1. How many of the residues in segment 184-239 are of a type in the set (Asp, Glu), surrounded by fewer than 16 Cβ atoms within 10 Å (Cβ to Cβ) and within 20 Å of Phe163 (Cα to Cα)?
2. With respect to Ser336, is the statement that it is over 29 Å from Arg217 (Cα atoms), surrounded by fewer than 18 Cβ atoms within 10 Å (Cβ to Cβ), hydroxyl-bearing (Ser, Thr, Tyr) and touching a residue at least 24 places away in the same chain (Cβ under 8 Å) true?
3. Tally time: how many residues in segment 161-187 are in contact (Cβ under 8 Å) with a residue 60 or more places away in the chain, outside any loop (DSSP other than H, G, I, E, B) and near the ligand (Cβ under 10 Å from one of its atoms)?
4. Which one of these is more than 16 Å from the ligand (Cβ to nearest atom) and either in contact (Cβ under 8 Å) with a residue 24 or more places away in the chain or in the same structural domain as Ala24 (by TED's automatic domain parsing) (or both): Glu248, Glu207, Glu267?
5. What is the residue count in segment 210-238 for residues that are more than 16 Å from the ligand (Cβ to nearest atom) and of a type in the set (Phe, Trp, Tyr)?
6. When you go through Ala318, Ala290 one by one, which is the residue that is modelled with pLDDT of 95 or more and within 16 Å of the ligand (Cβ to nearest atom)?
7. Polar (S, T, N, Q), assigned by TED's automatic domain parsing to the domain that holds Ser120, surrounded by 23 or more Cβ atoms within 10 Å (Cβ to Cβ) and closer than 20 Å to Leu121 by Cα - does that describe any residue in segment 22-42?
8. Filter segment 331-370 down to the residues that are of a type in the set (Asp, Glu), assigned to a helix (DSSP H, G or I) and over 26 Å from Asp284 (Cβ atoms) and list them by number.
Amino acid sequence: MAQALCVVVRYRKAVTYGVHALLAALETAGVEHELRLGTTPEESAGHIAATGADRVLTLWSFYSPDAEAMAAELAAVRSLSGGRGLHIAGGVHATAEPQQVIDAGWDLAGIGEGESTIISLVRALQRDEPLTSVPGLAVKDADGVALRTRPAPQLPLDAFPSFAGRNGPIEITRGCRYTCRFCQTPFMFGGQFRHRSVASVRAHVREMAGRGMRDVRFITPTSLSYGSPGPDPDLDAVEELLAGVEEELPPHGRIFFGSFPSEVRPEHVTVEAMRLLKRYVANDNLIIGAQSGSDRVLAASGRGHDTSPVRDAVRIAAEHGFRPNVDFIFGMPGESQEDQEQSLRLAADLADLGARIHTHTFMPLPGTPWRDAEPAFIPLSTMSELDRLAQRGDAYGHWRKQAEHAARLAETAKAYPRRTRRRRAT
Ligand code: SF4
């Protein structure tokens, strides 16, 4: 007989998009389960303790900088709920560092895209089947080693909706064909674009409009790559998407494209692309990834562009009425003081052209080619210049906090050398 199962989600604002996709997958697959959302550790523990279901599965998802804090929360939730149920961590950190996640106290790590894994996992728990039969997991063996099950498939994006019965940004593209060495996206979702069809996007918009939602936003690694398999934008495909969305919008509905929570690559910002966006979108800003003012650092980071398109992108975006918000990362591996000065000079020039600089500090993120790379030293002179830009209102960002995260991540990377203790469940 099937066991009644309660899924408790440790529901945090930082990870709602991914969690909504998992819950939508369960709903789409028609998997019976009780669902409870815990917005605090105490509420999560209360749900775990209170459910009358036979089994409880608690879902956690977090980014690498939050891993330590989440492990502390997990210990608190376990203690408050009397140690009941199974706890699984998913997302990019768990995918990259399953052994670390298991050592930190989770029973299971979800590896890779979670939709098909969560469906199989819930079914296996209901049927009392071995968890080693579930794809996309790391399970703890008797010695505490994280054993990997077979990989979960990377399915076409249309296989599951971005969300069900809720509103949110629609994921239009997953995976990324670029290979920026600091970025977790290609590692997590693969090195090719998978685009959601226009029909599927329209269906999402229709549903949201039916619930009274007026604004539509998108999740994509690079907005103007929609519909394209390669580096060149396919503006016809972008227009088909935007026109289709517009047709589904209610009166006074608005489209936000190329702004939060997505961005555009600088070489994609052309006059043609901006004219197209102006016909459809309501955003007054564009997020543009520049990352460095040093061609040497850009080449080393595998960005696939140098500094030359960045100035043009900012100028063209501004001329078409978009405020460019331009991302920079300081402290990339091998970056010299001269490289940082070039970045600061470019940032100041872009600010003069009307841009706001979004400053980041390099973090050696798990799963990336630069996981074990040493962040470059950021001297006081660079910090003062970043502060000066911020005081003028030309820059914003949490680069100081990220520098603290970077130091912690580097420590953890040393404790877990890459590709050790990696075994497959049989
Ligand atoms: S930084 Fe952007 S373009 Fe580069 S790999 Fe990541 S998602 Fe792709």
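The values are calculated or read from the model by the stated rules, or taken from the named source; none is laboratory data. Computed from a predicted model, the values in this text were never measured in an experiment. Methodologically, a virtual Cβ is constructed for each residue, glycine included, from the backbone with ideal geometry; neighbour enumeration extends over all protein chains shown.
1. Going through segment 184-239 one residue at a time, the tally reaches 1.
2. Working: over 29 Å from Arg217 (Cα atoms): yes; surrounded by fewer than 18 Cβ atoms within 10 Å (Cβ to Cβ): yes; hydroxyl-bearing (Ser, Thr, Tyr): yes; touching a residue at least 24 places away in the same chain (Cβ under 8 Å): yes.
Criteria met by Ser336.
3. The total comes to 1.
4. On the way: Glu207 fails: either in contact (Cβ under 8 Å) with a residue 24 or more places away in the chain or in the same structural domain as Ala24 (by TED's automatic domain parsing) (or both); Glu267 fails: more than 16 Å from the ligand (Cβ to nearest atom).
Unique residue meeting the criteria: Glu248.
5. Number satisfying all stated conditions: 0.
6. Numbers: Ala318 fails: within 16 Å of the ligand (Cβ to nearest atom).
Matching residue, one of Ala318, Ala290: Ala290.
7. The initial filter retains those residues of segment 22-42 that are polar (S, T, N, Q), namely 28, 39-40.
Still in the running and assigned by TED's automatic domain parsing to the domain that holds Ser120: 28, 39-40.
Next, from what is left, pick out any that are surrounded by 23 or more Cβ atoms within 10 Å (Cβ to Cβ): none.
Taking every residue of segment 22-42 in turn, none turns out to be polar (S, T, N, Q), assigned by TED's automatic domain parsing to the domain that holds Ser120, surrounded by 23 or more Cβ atoms within 10 Å (Cβ to Cβ) and closer than 20 Å to Leu121 by Cα.
8. First pass over segment 331-370, keeping only residues of a type in the set (Asp, Glu): 335, 338-339, 341, 349, 352.
Checking the rest, the ones that are also assigned to a helix (DSSP H, G or I) come to 338-339, 341, 349, 352.
Passing the criteria: Glu338, Asp339, Glu341.
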